[in-house]
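Enquirer: So that we are looking at the same thing, I have put the structure below in structure tokens.
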Amino acid sequence: VRKDAAPIFVIPADLKPLVDFDWSYRDDLQLLTCAPGSIKFWSLANPRKPLGSLQTSCARARFNPFSSSCVTLTGTSDHSWDLWNLSDISSPTLVKDYGVDDFEGSLKSIGPLAKFNWRRVLVGSSFEFQLVTWSTKDQLFSMWRIGADELSACGADPSKTNRSETAK
């Protein structure tokens, strides 16, 4: 008889405190954990050893809903976030490093981007993906469109982001 108070899985995620975790949109057994300076990718099929890892100065991380990829947020005053291609999860590749100069208008007045999530918007018969961010300093809520070039670099086919292929 299983004890209700006992965990189903235990993952030795990191020696540092975890600040974030997220489940994959593509694989129900896959998750990522984020500790200061590192992200690890796990499968519940073998939870004792990570599938891969990233050593980066991130404070938050999320899987992307449109491909085998993820986004990381530094949480520092440079307002940066990075897109990563995870086609080879044991060796993630940087797609693009977004900083304050990559966006229209001035981001210099906002503080560190503290939180973020994905938004999927139906435009005609296809979805557009937006990264939603907010700052704890100025309480600014922003939405950033992810373009076709970024989708392609992350391993997604922008022409195939229709309802049935991206819905979870």
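Taken together, the values in this text are just the output of simple stated rules run on the coordinates, not laboratory data. Not measured: the values here are computed from a predicted model. Here the Cβ positions follow ideal geometry from the backbone for every residue, glycine too, while neighbour counts run over all protein chains shown.
Enquirer: From the phi of every residue in the stretch 30-47, what ³J(HN,Hα) in whole Hz does the Karplus formula 6.51 cos²θ - 1.76 cosθ + 1.60 yield, where θ is phi - 60° and glycine or proline is x?
Expert: Residue by residue, the stretch 30-47 yields 9, 9, 10, 10, 10, 10, x, x, 8, 10, 10, 10, 10, 10, 5, 5, 8, x Hz.
Enquirer: Highest mean first, how do 149-157, 12-20 rank when packing is the count of other Cβ atoms within 10 Å averaged over residues?
Expert: 149-157, 12-20
Enquirer: Here is a follow-up. If packing is taken as the mean number of other Cβ atoms within 10 Å per residue, what is the order of 64-71, 126-133, highest first? Spell out each step's value before the answer.
Expert: Values: 64-71: 23.8, 126-133: 18.1.
Per-residue Cβ counts within 10 Å, averaged per peptide and sorted highest first, yield 64-71, 126-133.
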